[in-house]
Amino acid sequence: MIQRIILLLLLPFAGIAQTLDLYIREAYENHPGILAERERLVASGARIDEVGGLKDPSLTASYAVTPIETRVGPQIARFSIMQPLPWFGTLNSRSRSEYWKWRSANQSLIEMEVRVELEVRSSYHRLQEWHLLDALLKENISILEDLEAIATQRFESGDGSMLDVLRIQMEKEEIKNQWENWQDRGGNLRESFNLLIGRDQGSSILLDSLVPPSPSTFKDSIDLSNHPEVNKWELESRAAAEALRAAKKDGAPSFAIGLDYVVIGERMDMDIPDNGKDAIMPMLSLSLPLWRKQYEGRETEAQQMAQFNLRKKEDALRILRSRESEILSNLEVYSREVSLYKGLMEKAQVALNLGMNSYSTGELAFEELMRIEQQWIRYREGWIKALVQWNIAEAEWRFLSTQSTIEDE
C-alpha cells in the first residue's frame, strides 16, 4: 500500500525535465509587460540622440523690390543663415541625463523579467500542488472504496454494522464532490498559467517534479544594493543630477552665429572701386536670459526629482531587506514542516495499513480506523502544501538574488 500511494502521487512528475525553464523563456517572449518595457527601452535610447543635437539652422532670403542704394551699388537681395548654439556643455548634460534614463529603463526591463519569472514559478508550483492534491483525493476515494468493501463484508458476515457502511459511503460521496470541485479549480489554474506565458488557454501543461528543500543554500545574505529595482532608482537619480546641470546651463546666455550675403548691383552713373561687389557679413547674436522664473523652476524640478529618486531607492532597498528576512524565515519553517510531515506521513501510512487489517478481523473499532485515515490525509496534505510553499519561497529568493551591477560611464 505504501509504495502504491507514493507512486500514484509522484508518477505524474517523473520523466519530464526542465519544462519550467522552457515556460519561463516562453513568458519572456510573449508577456506584454516585458514587451512594453523593451519598447520603452528602445524609445529611451532614441532620446539620447534627440536631445544631444543642435537645433536646425535658419535660412532667410529677401529681395528688394525697390533697390536700396549703397555706395558701391543698389542692394538687390540678401541671404542670411544662422546656427543657434546653447551654452557650453548644455547638450552634453542633456545627453547624459537621457543616457542614465536609458540605463534605468534597461534595469526596469530586467526587473520586469525577474518579476515575471517569479510569477511563472509561483503559478507553476500552484499547479504542481493542485496535481498532487488531486492525486491525493483520488487515492482517498480508492481507500474509502476498500474500506467500504471490508465493512460490507463484515456486515454480511454478521460481524459488522450497516452503520459503518453508510458512514463510509457518506464520506466517499463527500470526497467525490470535493474532487469534482477541485477539477474546476485545476482548469482555472491552467488557464491562468497559459495566459501568463502567452499561450492558448486550453494548451496542455507538463509538470516537473518538486525540488526538495535544501536550507544550506540560503544561509548567505544577499547584496540587495545591486538588485535591479534598486539600481533603477540609482540611475534615475543620476539622470536627475545631469538634468539639474542642464537646467543651470539653460539659464546661461545662448549664442547664434551666422553669415549674411548681400547681392549688390553695379552703379551705372559712375565708375568706382568695388563697383557692384557683393557683401559678406559674419554675424553673432546673444540671447540674454533675463526672465529667470522659468529657469529657476527647471532647477527646482530637477533638484526635487533627484531627491525623489534617492528616496525611492532607499524605500526599495528597505522593502527588499524586509522581504529577505521574511523569505529566509519561510524557507526554514517550510523546510522543517516538510521534514515533519514526511515522517508523520510514513508512520500514518503504516498505521493505516495495519488498521485496515485489524478492522477486517474485528480487532479495531471503526471510529479508530477513520481517525487514522483522516490523520493520513492530513499529514499527506500538510507535506504537499509545505513542499509547494518551500518551492514558492525559493522562487522569491531567486528574485531577491538577482544581481545587476551598474558601472560609471
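The values are calculated or read from the model by the stated rules, or taken from the named source; none is laboratory data. Bear in mind the structure is a predicted one, so any value in this text is a computation, not a measurement. Backbone-built Cβ (ideal geometry, glycine too); neighbour counts: all protein chains shown. The area values use the complete protein model at the heavy-atom level, side chains included, leaving out ligands, DNA and RNA. Shrake-Rupley method; radii C 1.70, N 1.55, O 1.52, S 1.80 Å.
Helix 90-156: angle to the longest alpha-carbon principal axis of the chain, degrees 0 to 90, nearest 10?
The angle comes out at about 10 degrees.
Rounded to the nearest 20 Debye, what is the dipole magnitude of region 253-327 about its Cα centre when Lys and Arg each give +1 and Asp and Glu each give -1 at the C-beta?
Result for region 253-327 is approximately 920 debye, rounded to the nearest 20.
So what is the relative contact order of the chain, in percent, for Cα pairs below 8 Å that sit 6 or more residues apart?
25
Measure off 7 Å from each Cα along the Cα-to-Cβ vector at Asn357 and Val333, then give the distance between these two points in nanometres to one decimal.
Label-label distance for Asn357 and Val333, simple model: 4.0 nm.
Can you give the net charge of the other residues whose Cβ lies under 10 Å from the Cβ of Lys172, counting K and R as +1 and D and E as -1?
-3
Would you work out what percent of the accessible area of region 315-360, with all protein chains in place, is carbon or sulfur (probe 1.4 Å)?
52
Quick check on packing: order 335-344, 235-244 by the mean number of other C-beta atoms within 10 Å, highest mean leading.
So the order, starting with the most tightly packed, is 235-244, 335-344.
Give me the distance in nm between label points sitting 7 Å out from Cα along the Cα-to-Cβ direction at Arg267 and Lys347, one decimal.
In this crude spin-label approximation the distance works out to 12.3 nm.
Looking only at region 130-173, which residues have a backbone nitrogen under 14 Å from a spot 7 Å from the Cα of Asn181 in the C-beta direction?
173
Determine the calculated [θ] at 222 nm for the chain from helices alone, applying -39500 (n - 2.57) to every DSSP H run no shorter than 4 residues and normalising by the residue count; nearest 500 deg cm²/dmol.
Dividing the helical sum by the residues of the chain leaves -24000 deg cm²/dmol.
What is the helix-to-structure angle for 32-52, meaning the angle in degrees between its Cα long axis and the longest Cα principal axis of the chain, kept from 0 to 90 and rounded to the nearest 10?
20
Ala252 label point, 7 Å along Cα→Cβ, cut-off 20 Å on backbone N: hits in region 273-310?
Counting only backbone N, you get 284-303.
Working with all protein chains in place, sort Thr300, Thr66 by solvent-accessible area computed with a 1.4 Å probe, largest first.
Ranked list, largest accessible area first: Thr66, Thr300.
Report the local net charge at Thr90: Lys and Arg +1, Asp and Glu -1, summed over other residues whose C-beta lies under 10 Å from its C-beta. If you can, show how the numbers build up before the last one.
Details: positive: Arg94, Arg245, Lys248, Lys249; negative: Asp250.
Every neighbour counted, the sum reads +3.
Would you kindly state how much longer the chain becomes between Gln303 and Glu367 on full extension, computed as 0.36 nm times their sequence separation minus their alpha carbon distance, in nm to one decimal?
15.6 nm
Would you tally the net charge around Arg298, using a Cβ to Cβ cut-off of less than 15 Å, leaving Arg298 out, and scoring K and R as +1, D and E as -1?
+1
Would you mind checking region 58-93 for residues with the amide N under 14 Å from a putative spin-label position 7 Å along Cα→C-beta of Asn275?
71-74
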